[in-house]
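Right, one structure below, let's go through it.
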Amino acid sequence: MSRHLRSGLSAVLIALSCMLVPFGALAAWAAYGLTDTGRYVTTMAPLAADPDVRDAIAQTVGDGITHEIGQEMDARVLRGTVAPFVHDAVRSFTQTAAFRTAWNEGNRVAHDALLRALRDERDARDRPVTVDLAPVTAQVKARLAQDHVPLAARIPVEHTEVALLPAQQMGRLRKGFNVLEVAGFWLPVAAVAFAVAGIALAVHRRRALTATALGIALGGALLALALALGRSLTLADLPDEVSQPAAGAVYDALTATLRTTSWLLVALGLTVAALTWLGRRRVGRSRPRPRLWPRFPFRLGRRRRAAEATAPTQTPQPPPRVRA
């Protein structure tokens, strides 16, 4: 194989590897990060202490309770006395250990519903993925009854849900999830295989390694940019009744591992490129520089001069006299 053909094929393989880096990281995150229920619950658990999430839950549950109480109470009394007290009670409950337990259980159920919604293609109707807050309502009802709030015992414990994924995005997310789930294993393997083959075929392997490292860093930066744009687009498409700060907190929690992976790719690529460049300069300095003139004539001349200097000097003898 000629040098030009090797260089061209190496460049194509390295370019394909760098292009597959962000897609491989995204596919692996979808296949191995989102489909594990225990990991999902662990990821969502810190959101129970997030102020935006607690405010959204308090507002949703409080509005549901006051709506049910308002059917049996005067509206002015409800707005002036009961409604503020109910919202304060719900907000106080979101700071307890019982709320964190209910939050984890609700997210466990929501994760199962999410997987079923993303994998079940037989359901033609797209439904939003929600967290059921009925356990939270039951706990708030018990606390209000202990505080002797009027009509607290008559509060029905109904399913009060907070949307995690709106219905209008489910069709697009289902198609994307199926593709990413299938490619979760093969895309990273293909990226590594193309990179190794491209470096092995390269005429100048050190340069090929530097180009591969820079391409990986660029892929990580593009992945971080795509996550930022995806966050903006997701929050812009939310309906008005969904709290955007709470939805942003959920998005950030779900994509935290992917963001870390993107910046690790950037750091790894730049580090390898810098080390390769420094090693190339060090090797270049250690090599002797080629001389631009032949050294043999000068050596020959020095040898002649040295031989003449060490040779014994002979004094000229006068010619012999001839006697007659």
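The values are calculated or read from the model by the stated rules, or taken from the named source; none is laboratory data. Remember, predicted model here, so these are calculated numbers, not experimental data. Backbone-built Cβ (ideal geometry, glycine too); neighbour counts: all protein chains shown. In case anyone asks, the SASA skips ligands and DNA or RNA and just uses the protein heavy atoms, side chains included. Shrake-Rupley method; radii C 1.70, N 1.55, O 1.52, S 1.80 Å.
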| task | Go through 9, 270 and list them by solvent-accessible area, largest first, probe radius 1.4 Å. | result | 270, 9
| note | So the FRET efficiency between residue 259 and residue 1, C-beta based with R0 = 45 Å and rounded to 0.05, is 0.60
| field | Per residue, in Å², the accessible surface of the stretch 222-276 once ligands and nucleic acids are set aside, probe 1.4 Å | value | 55 Å²
| Charge tally in the Cβ shell below 14 Å around residue 272, where Lys, Arg are +1 and Asp, Glu are -1, residue 272 excluded | +4
| the stretch 228-254 residues near the modelled residue 172 label - backbone nitrogen below 17 Å, point 7 Å along Cα→Cβ | 228-240, 248, 251
